[in-house]
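*Asks:* Below you'll find the structure I mean.
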């Protein structure tokens with residue numbers, strides 16, 4: 001018998017962690033941290049043969065340095081990006097020490113997509129492309145003859161940086177799928193529509209002599225936004241002004257450039273034609289950012305909850321300037337306060353009046369409801385499905401869709417659930 005133990009990521013976005021236990025081996029699928037609270041799964045690391053990591057976002061890999069795992073498997077880009085994620089966490093929260101990160105890095109073994117690896121006598125796995133961020137993977141695990149597909153975070157559609165998630169997948173007994181946008185209400189505008197909204201908002205501010213602040217997640221979102229802005233500037237559809245960057249997105253973008261063969265082939269073609277797809281990465285100089293000339297500042301963190309973006313919020317005292325939120329803003333974050341129309345904020349000692357405009361244009365690296373349904377229809381039909389990584393309403397709604405529409409028995413676990421398969 002194979003047991004699935006759910007340590008996190010159940011009816012929540014954060015702390016994704018599933019344990020697969022057989023009589024002869026135990027592995028973890030992800031070992032994440034909850035971004036806003038710092039909560040981590042409760043794991044006996046001595047009993048775990050290996051952790052298999054889907055991708056380098058905090059909610060999927062952030063807890064690994066807390067433990068001493070024997071082996072951590074991931075793709076080559078994920079290893080480089082996880083280091084950035086862990087260093088960011090260390091700098092912002094002091095959650096763990098430098099030597100914990102070093103120990104975690106030394107336990108990593110990297111694989112390419114489709115490369116099979118035997119973990120124990122009765123457990124083997126391989127990675128498929130998940131289309132979410134650079135190096136992101138869905139994990140196909142065979143345990144005691146049971147075939148499990150753990151999607152991690154997936155995007156079934158093509159993006160500027162990545163090809164879509166693989167759907168040509170081997171036979172599946174159990175599908176463990178994310179549900180970030182799992183409600184039928186979660187239908188997002190077309191990518192081109194979002195891009196036009198972004199460029200229109202930037203152009204309006206620049207024409208008025210203002211400055212644009214764009215908080216971003218360092219890995220994935222930052223690169224998409226830089227690609228879009230630079231593409232429109234090169235085409236002449238957006239006036240050229242300085243683009244300043246700050247935070248760990250600078251290092252993450254360098255990692256993207258070092259793995260162009262893992263990205264959308266269009267990026268490789270641009271590089272071969274001596275075009276830098278992400279533009280010149282100019283480290284923000286406060287003397288220039290706070291002068292009178294229009295500019296764009298792209299900086300971490302994406303939820304405006306820490307990192308260098310906080311020091312640029314002073315620009316919002318001026319009604320000519322604008323903040324563009326490009327992703328989900330969790331409750332309790334400054335980003336959520338700004339999204340909900342706060343008239344003043346207090347990131348530091350002194351309060352800042354918000355006279356500038358705040359706009360939200362949500363660029364997600366997750367598939368929306370329609371995309372998730374298409375994904376399940378494209379892959380081999382599983383015997384059962386398990387819905388994770390979504391708020392309670394999204395998880396339950398998506399489970400209902402899978403059961404009613406696709407006729408697949410579906411479960412929505414809570415933290416601590418143990419499910420025999």
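Laboratory data are not the source of any read-out in this text; all were calculated from the coordinates shown. Small disclaimer: the values here were computed from a predicted structure and weren't measured. A quick note on method: Cβ atoms are made from the backbone with ideal geometry, for glycine too, and the neighbour counts reach across all protein chains shown.
*Asks:* Give me the angle, in degrees from 0 to 90, between the Cα long axis of helix 369-378 and the longest principal axis of the Cα atoms of the chain, rounded to the nearest 10.
*Replies:* Approximately 40 degrees, to the nearest ten.
*Asks:* Between the helical axis of 249-258 and the dominant principal axis of the chain, each derived from Cα atoms, what acute angle in degrees is found, rounded to the nearest 10?
*Replies:* The angle comes out at about 60 degrees.
*Asks:* Restricting everything to alpha-carbon atoms, can you work out Rg to Rh for the stretch 123-237 with a Kirkwood hydrodynamic radius?
*Replies:* That ratio is 1.11, to two decimals.
*Asks:* Using the count of nearby Cβ atoms within 10 Å as a rough guide to exposure, how do 60, 251, 366 rank from fewest to most?
*Replies:* Least crowded to most crowded, the residues run 251, 366, 60.
*Asks:* Quick one: helix 221-235 against the long Cα principal axis of the chain, what's the angle to the nearest 10°, folded into 0 to 90?
*Replies:* 50
*Asks:* Another question, if that's okay. Taking just the alpha-carbon atoms of the chain, what radius of gyration and Dmax come out, in angstrom?
*Replies:* 21.3, 67
*Asks:* For the pair residue 191 and residue 106, what calculated FRET efficiency results from E = 1/(1 + (r/R0)^6), where r is the Cβ-Cβ distance and R0 = 56 Å, to the nearest 0.05?
*Replies:* The computed FRET efficiency comes out at 0.90.
*Asks:* Between residue 418 and residue 271, what FRET efficiency comes out of the Förster formula 1/(1 + (r/R0)^6) with R0 = 51 Å and r the beta carbon distance, rounded to 0.05?
*Replies:* 0.60
*Asks:* Turning to a different aspect of this structure: Any idea what the relative contact order of the chain is, in percent, if you count C-alpha pairs under 8 Å spaced at least 6 apart?
*Replies:* Once normalised by length, the contact order is 19 percent.
*Asks:* So for the stretch 1-156: antiparallel DSSP bridges make up what percent, rounded to the nearest 5?
*Replies:* 75
*Asks:* Can you say what percent of the DSSP beta bridges in the chain, counting only those with both residues inside, are antiparallel? Round to 5.
*Replies:* Of the beta bridges lying entirely in the chain, close to 45 percent run antiparallel.
*Asks:* What spacing in nm lies between the two simple spin-label points modelled at residue 47 and residue 393, each 7 Å away from Cα in the Cβ direction?
*Replies:* In this crude label model, residue 47 to residue 393 measures out at 3.7 nm.
*Asks:* Taking the chain as a Gaussian network, where each spring joins two C-alpha atoms under 10 Å apart, which residue of 83, 127, 348 fluctuates the most?
*Replies:* Looking only at 83, 127, 348, the largest GNM fluctuation is found for 348.
*Asks:* If R₀ is 45 angstrom, what is the calculated FRET efficiency for the pair residue 208 and residue 117, using the beta carbon separation as r and rounding to 0.05?
*Replies:* Efficiency, rounded to the nearest 0.05: 0.20.
*Asks:* Could you check the simple spin-label distance between residue 330 and residue 97, using points 7 Å along Cα→Cβ, in nm with one decimal?
*Replies:* Label at residue 330, label at residue 97, 2.6 nm between them.
*Asks:* Another question, if that's okay. Rank these for me by crowding, 340, 156, going from fewest to most other beta carbons within 10 Å.
*Replies:* The order, fewest Cβ neighbours first, is 340, 156.
*Asks:* Over the alpha-carbon set of the stretch 191-360, work out the extent along each principal axis and list the three values in angstrom, largest first.
*Replies:* 48, 33, 31
*Asks:* Measuring from centroid to centroid over Cα atoms, what is the spacing of the stretch 128-174 and the stretch 1-46 in Å?
*Replies:* 18
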